[in-house]
Amino acid sequence: MESWTAPHVPALPGHGPALRLHDTATGEPRETVAPDAEGATMYVCGITPYDATHLGHAATMITFDLVHRYWLDQGLDVNYAQNVTDVDEPLFERAERDGTDWQVLGLRETALYREDMEALGVLPPRHYIGAVESVPSVGKAVAQLLAKGAAYRHDSGDVYYAVESEPGFGSESNYDRETMLRYARERGGDPDREGKRDPLDPVLWNAPRDGEPSWETEVGPGRPGWHIECTCIAIDYLGEQIDVQGGGSDLIYPHHEMSAAHAQSLTGKRPFANAYVHTGMIGLDGEKMSKSLGNLVFVSKLRAEGVDPAAVRLALLAQHYRSDRQWSAAVLAEAELRLGRWREAASRELAVPAGAVLTAVRERLADDLDTPGALSVIDAWAEETLSAGGEDPSAPALARDTIGGLLGIDCTR
Ligand code: ZN
């Protein structure tokens with residue numbers, strides 16, 4: 001699937017320290033790639049395109065864009081894949097509600113997502129893959145899991161994954177069984193369905209149903225389950241083990257636990273990802289932002305209102321990616337002020353030297369993407385330049401490149 005146009009990424013002198021990210025599985029910071037690595041691989045779960053991109057999606061994609069940018073700054077070859085779940089229940093339900101075709105809906109919302117990502121200065125993944133494109137690969141993988149005894153056919157014809165078959169199952173989330181059951185219920189699983197070996201077993205393959213699309217594959221006709229879609233795309237485009245698996249904290253269980261278990265059953269290699277990295281949720285004015293509460297803030301709507309996407313990005317970077325954050329008019333206003341100060345300082349002919357700013361921003365980012373710390377470093381430089389002036393003619397350009405290259409905030413305007 002086509003992704004979007006990459007923004008210009010300025011090259012910066014030197015390199016920073018190795019990037020360490022908090023790994024959900026071990027609960028500790030981990031170096032994302034081996035010291036002698038030439039490349040890095042990352043898989044980030046993309047959207048299900050039944051609705052427009054909201055600030056929660058934006059916050060997640062901007063977080064992993066910082067990882068992407070930091071690795072590039074390290075001189076690494078970054079192989080990054082992201083999926084679009086362009087065939088799934090939420091799409092069918094929304095299409096039916098709106099009296100539209102699920103494919104038309106999916107294409108329209110995916111196009112809007114691309115525009116939003118481009119406006120937010122997010123670097124495109126190398127592989128942007130739709131679930132529909134992954135169908136043959138999923139069919140083959142499900143057939144393999146059946147042959148290995150890691151999957152079984154339900155009376156309905158659906159194929160389920162047997163969690164009991166995978167020794168590594170549970171080691172990504174580390175949740176107890178009760179928590180797993182609760183999240184399975186809340187997040188699209190079917191623990192109460194009869195005829196399953198274990199209530200936790202997730203669907204790998206949906207047998208054909210009336211009114212739903214179906215494909216002929218190695219495992220028979222039907223369509224993929226959600227978790228195996230990500231497993232197959234990651235293995236096909238990145239390899240059997242990857243450096244970073246990323247997404248929102250609502251994907252810790254069941255989605256990432258299951259994707260990892262599927263991959264481990266298929267390849268026999270554990271763990272599937274070196275680091276499982278999760279972003280906090282975005283709330284609105286003190287409430288959780290959610291589809292059911294109907295209070296989602298859409299990036300496209302903010303853009304239509306004339307909000308500078310760089311200010312949206314900066315607002316989302318003002319707090320740490322792992323924390324649950326609140327969005328409000330005040331948060332945006334503060335980011336707009338900050339962006340104004342940075343741009344004013346960076347457009348001067350002379351400024352305070354910025355070499356130490358580059359070093360400090362790299363150090364802050366390498367420490368589990370400490371963006372509040374990185375932003376304070378730039379704030380201090382901008383304040384000093386605006387109040388005391390400065391005498392370095394190369395500083396404004398270096399500051400612009402640092403802010404643009406590592407944080408993805410365009411200060412050339
Ligand atoms: Zn996924």
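Summary table
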quantity: Dipole axis of the chain (+1 Lys, Arg; -1 Asp, Glu on Cβ), positive-most option in Ala318, Leu293, His15; calculated: His15
quantity: Per-pair calculated FRET efficiency, R0 = 30 Å: Arg193 and Thr26 via Cβ, rounded to 0.05; calculated: 0.40
quantity: Rounded if a/c under 1.5, otherwise prolate or oblate - segment 304-407, Cα gyration tensor axes; calculated: oblate
quantity: Cα-centred dipole magnitude for the chain, charges only on beta-carbon of K, R (+1) and D, E (-1), debye, nearest 20; calculated: 100 debye
quantity: All-pairs alpha carbon distance profile, segment 1-138, 5 Å steps from 0, percent; calculated: 2, 9, 17, 19, 17, 14, 11, 6, 3, 1, 0, 0
quantity: Rounded to 5, percent antiparallel among DSSP beta bridges of the chain; calculated: 45 percent
quantity: Efficiency of FRET between Asp176 and Glu212 - r from beta-carbon atoms, R0 41 angstrom, step 0.05; calculated: 0.75
quantity: Most fluctuating residue given options Met180, Met258, Met61, as computed from a GNM of the chain linking Cα atoms under 10 Å; calculated: Met180
quantity: Packing rank of 384-396, 103-115, 400-412, where each peptide gets the mean count of other beta carbons within 10 Å, highest leading; calculated: 400-412, 103-115, 384-396
quantity: Potential extension, Lys288-Ala147 segment - 0.36 nm per residue separation minus Cα distance; calculated: 46.4 nm
quantity: Cα centroid separation, segment 275-315 to segment 207-263 (Å); calculated: 26 Å
quantity: Two-decimal log10 I(q)/I(0) for the chain, as the Debye equation yields it once each C-alpha is a single scatterer, q = 0.11, 0.14 Å⁻¹; calculated: -0.82, -1.26
quantity: Simple label model, 7 Å out from Cα along Cβ direction - His8 to Gln103, nm; calculated: 4.0 nm
quantity: Karplus-derived 3J(HN,Hα), 6.51/-1.76/1.60, for each residue of segment 118-133, Hz, glycine and proline x; calculated: 5, 5, 7, x, 7, 5, x, x, 5, 10, 10, 10, x, 4, 4, 5
quantity: Sulfur and carbon atoms: percent of accessible area, the chain [1.4 Å]; calculated: 49 percent
quantity: Gyration tensor (alpha-carbon) shape descriptor, segment 195-314, a/c threshold 1.5; calculated: prolate
quantity: Segments 18-26, 146-154, 223-231 sorted - mean Cβ within 10 Å per residue, highest first; calculated: 223-231, 18-26, 146-154
quantity: Helical mean residue ellipticity (222 nm; -39500 (n - 2.57) per DSSP H run of 4+; nearest 500) of the chain; calculated: -13000 deg cm²/dmol
quantity: Separation of alpha-carbon centers, segment 349-413 and segment 1-60, rounded to whole Å; calculated: 21 Å
quantity: Accessible area of the chain divided out per residue, in Å², using a probe of 1.4 angstrom; calculated: 41 Å²
quantity: Listed residues Ala37, Ala184, Ala382, most fluctuating in the chain (Gaussian network, C-alpha, under 10 Å); calculated: Ala37
quantity: Size descriptor, Kirkwood hydrodynamic radius, that averages inverse alpha-carbon separations across segment 120-277, Å; calculated: 15.9 Å
quantity: Dimensionless Rg/Rh of segment 173-239 - Kirkwood Rh, Rg from C-alpha atoms; calculated: 1.02
quantity: Efficiency of FRET from Cβ geometry, Glu384 and Asp77, R₀ 56 Å, rounded to 0.05; calculated: 0.90
quantity: Gaussian network model of the chain, Cα within-10 Å springs - most flexible of Glu287, Glu118, Glu172; calculated: Glu287
quantity: Heavy atoms of Lys291 accessible to a 1.4 Å probe, total area in Å² rounded to 10; calculated: 120 Å²
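The values are calculated or read from the model by the stated rules, or taken from the named source; none is laboratory data. Note that this is a predicted model, so its numbers are computed, not measured. We place every Cβ from the backbone using ideal geometry, glycine too, and count neighbours over all the protein chains shown. Side chains included, ligands, DNA and RNA excluded: accessible areas come from the protein's heavy atoms. Shrake-Rupley method; radii C 1.70, N 1.55, O 1.52, S 1.80 Å.
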